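Read-outs: derived from the displayed coordinates by stated rules, not from any lab. Computed from a prediction, not measured in an experiment: that's the story for all the values here. Every residue, glycine as well, gets a Cβ built from its backbone with ideal geometry; the counts of neighbours run over all protein chains shown.
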Amino acid sequence: MAHDVFLSYSREDTDAMHRVRDALHAAGIAVWTDDNLTPGTPAWESAIARAIESSRVLVVLLSPDSRRSTWVGRELAYAEEHGIRILPLLIRGDERESVPFRLTNTQRLDGRRDFDRAVTRMTKALEQYLGKEDAPPIQTARSSADSASSSRVIRIGAIVALVAVLAVIIAVVLTVFVFDLFGTETTILVGHDDSVLSVAFSPDDERLLSGSRDTTLRLWDAIDGRAIRIFEGHTSPVTDVAFTPDGTMAVSSSLDDSLILWDVNSGEPLRIFEGHSDAVNAVAVSPDGQTLLSASADRTLILWNINTGAIIRTFTGHTGRILDVAISPDGHTALSAGSDKLVIQWDVNSGQMIRQLNAHESAVRGVAFSPDGQTAISGAADGTIILWDVVGGGMIRTFTGHDSGVLGVAFNVDNERIVSASSDDTVILWDVDSGAIIKRFRDHTANVNTVAFDADGLRFASGGNDDTVRVWDVP
């Protein structure tokens, strides 16, 4: 009997296996497991071999126990020998102790932080790969009259479905899931009428906010890509967006010289911040959620009281437009990036300049602190990214690989990877320690303006001049 999926696991992971099996069964995917057989017997070994041969995909649950399991290793080897697709799901343990060497370069799903979400993604991927997304329900025998009636219903249903599809296309609300079992899952969010200039995940990773040249912000469901609401209030392009730490509010900056604080749940503006004399290019929210720091083309930074809208202090020191800003994880220092080729480090409490970081050869377009606050990255129009020691002020290394200017940068929560957006239409994921390129993403069809990791570091989002937002699983 043919099966869709062979489920490989260690006995210590039986509970997780049952949860995966039940989820796949509920989606109509035929799963083979050995839980009804006696391990170690000739019949068991023969059954395993036949089941792998007759399956289209082998799903393996990765853990320290499965990595040590002789039988899991043999099942993987047998699947490879017979050309069976392998889809790993990491369920516990760190990668070094859970991922076998043969799978180190294989794309895998990570269920350690959110097992149910990982299983849901895996199920969607398998449904698409196996062609089960539109599978008809199981039917029983019917009379010819019933069949004729059903045929008419099916034709009517098909017409209704076609109209629904056309309506979705006309509304330009489209979510596309693409999954290569050896590649990366991508969710494409379409809805903006112009370039996407900024993206940000909510603190709980369940929502995504984007700001666009079309003057609007859009809130998306970060899990299924569904459009939730549109925020309208700016009169010029929205240059940056950020959530407050509790996720209930968001702030945006704009070329209309203002910032707006929004109620995320209603989409209503709560407060407008006015004080800059030129375009506001970027904004950052303090870790305690009490202040905002904005960066402007008027060459200043302004620290605002988020609750009253009052200006606390103004930072001066750049000789050109300030293009980006970031606040350290402890809230004590900030970094700004300017068209004057400088990155400046500031004392937030006093507004005084701590030091200038001067190594780029052209305008610095993006800046970000590492999660531990010890280092930072900056990306510039010269196509380079620089890793800085913000404690001592020295340059650690330079990342090269983009063919054009770097427009946005972000640090992963693990301090080990960064991602960059470029006007060469690509996104690059980098290894921090070596400076090596882990993966280059070429799916955007125009400049990529912005990138952001989610809080758990398992995904990142990008936005570009192709008017789309794309959400990627981190390889």
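FRET efficiency for the D221 to E45 pair, using the beta carbon distance and R₀ = 41 Å, is estimated at 0.35.
Note on the chain: dipole from Cβ charges, positive end direction compared against W346, G211, P475; the farthest Cα belongs to P475. Once the Kirkwood radius over Cα pairs is known for the chain, the Stokes-Einstein relation at 25 °C and 0.890 mPa s delivers a diffusion coefficient of 101 µm²/s. Hey, what D do you get for the stretch 411-453 in µm²/s if you plug the Kirkwood alpha-carbon radius into Stokes-Einstein at 4 °C and 1.567 mPa s? So the translational diffusion coefficient is about 122 µm²/s.
The spread of Cα positions in the stretch 64-107, taken along each principal axis and listed from longest to shortest, comes to 29, 22, 15 Å. This ranking places M17, M122 by how few other beta-carbon atoms lie within 10 Å of each, fewest first, which gives M17, M122. Using only Cα atoms and rounding to the nearest 10 degrees, what angle (0 to 90) does helix 115-130 make with the longest principal axis of the chain? Value to nearest ten degrees: 60. Simple rule: put +1 on each Lys or Arg Cβ and -1 on each Asp or Glu Cβ in the chain, find the dipole, and look at W262, G317, F201; the Cα lying farthest toward the positive end is F201. The C-alpha atoms of the chain define a longest principal axis, and helix 70-81 lies at about 90 degrees to it. When you work out D = kT/(6 pi eta Rh) for the stretch 3-130 at 37 °C and 0.692 mPa s, using the Kirkwood radius from C-alpha pairs as Rh and the Stokes-Einstein form, the result is 227 µm²/s.
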